[in-house]
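Here's the structure, in structure tokens; my notes come after.
The values are calculated or read from the model by the stated rules, or taken from the named source; none is laboratory data. Keep in mind it's a predicted model, so treat the numbers as computed, not measured. All Cβ positions, even for glycine, are placed from backbone atoms using ideal geometry, and neighbour counts span all protein chains on display. Areas reflect the complete protein model, heavy atoms only, side chains present, ligands, DNA and RNA absent. Shrake-Rupley method; radii C 1.70, N 1.55, O 1.52, S 1.80 Å.
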Amino acid sequence: MKSILDALDALPPGDAVFDLDGTLIHHDIGEATLRRQIARGPLPPAAVAWLGTEDPWARYEALSPVDQCVAAAVALAGLTRRDVESLVDEAFAAGDVAPNAEVCELAAAIGRRHRVWILTGSAEVLGEAVAPRLGVRHVRGVRLKERDGVLGDQIDGIVSCAEGKVRATWVHFGRRPVFAIGDSPWDLHLLRLAHVARTTGRIGGMEFPAFP
């Protein structure tokens, strides 16, 4: 961690961008909540359009990563934020997802000088429900249109996955992040944009230094 902090101390204060699924948390909150919704059924019409009714999880796994982000997000249509928080509570209580303590500690350390963001391909409302458990305040993700406190089935803005994370960074921050960290090949687009970058999980150490 010291080498990262030393490198960031040489930069002016800026935005540090953390992937959520597989990075700040173990596993994937979008997938954990989608599995629960499939088990409970029925899925909302927008999710059925993506996943069908015969074997929604198999259809989900066959999608591209960007389409998976959309399908998992629109599956939340018709829920309130309280409903979403309950789904997240259940996922954490069951151990389907859990904080990655070392990466959360890194976020806290970087946050003493730079503004820390979650930038996720999961639904933004899920990221907002998870963030307090991780000590992070700022979240950007796949945003659903909302009306009268109920989530809709239309995406509002950029799908923040793969190259979409780069577009989201320019739209929301207007500059390169001082730091970025992610766990999958779909995060590499963002990592290449950052001044300092690290990897975890499946791409740990392949192109950028691994953390921890």
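For the peptides 126-139, 89-102, the ranking by mean Cβ contacts within 10 Å, running from highest to lowest, is 126-139, 89-102. Computed from backbone phi, the HN-Hα couplings of the range 116-124 come to 9, 10, 8, 10, 10, x, 6, 4, 4 Hz, rounded to whole numbers (Karplus: 6.51 cos²θ - 1.76 cosθ + 1.60, θ = phi - 60°; Gly and Pro given as x). Of the peptides 16-27, 111-122, the ranking by mean beta-carbon count within 10 Å, highest at the top, reads 16-27, 111-122. Converting phi to 3J(HN,Hα) with the Karplus coefficients 6.51, -1.76 and 1.60 and the offset θ = phi - 60°, the range 90-104 yields 5, 5, 5, 5, 7, x, 5, 9, 7, x, 8, 4, 5, 6, 5 Hz in sequence order, with x at every glycine or proline. The residues of the range 59-176 have, on average, 47 Å² of accessible surface per residue, using a 1.4 Å probe with all protein chains present. Simple rule: put +1 on each Lys or Arg Cβ and -1 on each Asp or Glu Cβ in the range 164-212, find the dipole, and look at Thr199, Trp170, Ile181; the Cα lying farthest toward the positive end is Trp170.
The share of accessible area on the chain that comes from carbon and sulfur is 50 percent, using a 1.4 angstrom probe. Basic side chains Lys and Arg get +1 at the Cβ, acidic Asp and Glu get -1 at the Cβ, and with that the dipole of the chain about its Cα centre reaches some 680 debye.
Each peptide among 201-210, 164-173 gets the average number of other Cβ atoms lying within 10 Å of its residues, and from highest to lowest they stand as 164-173, 201-210. Relative contact order of the range 151-209, taken over Cα pairs closer than 8 Å and 6 or more residues apart, is 27 percent.
Considering only beta bridges that DSSP places wholly inside the chain, some 25 percent are antiparallel. Using only alpha carbons, the range 86-161 has a radius of gyration to Kirkwood radius ratio (Rg to Rh) of 1.00. Report the residues of the range 193-212 in range of a label on Arg175: point 7 Å along Cα→C-beta, backbone N strictly under 15 Å from it. Under 15 Å, as judged by backbone N against the label point of Arg175, lie 194-196 of the range 193-212. Annotation: Cα Rg of the chain relative to the compact-globule expectation 2.2 N^0.38 Å equals 0.99.
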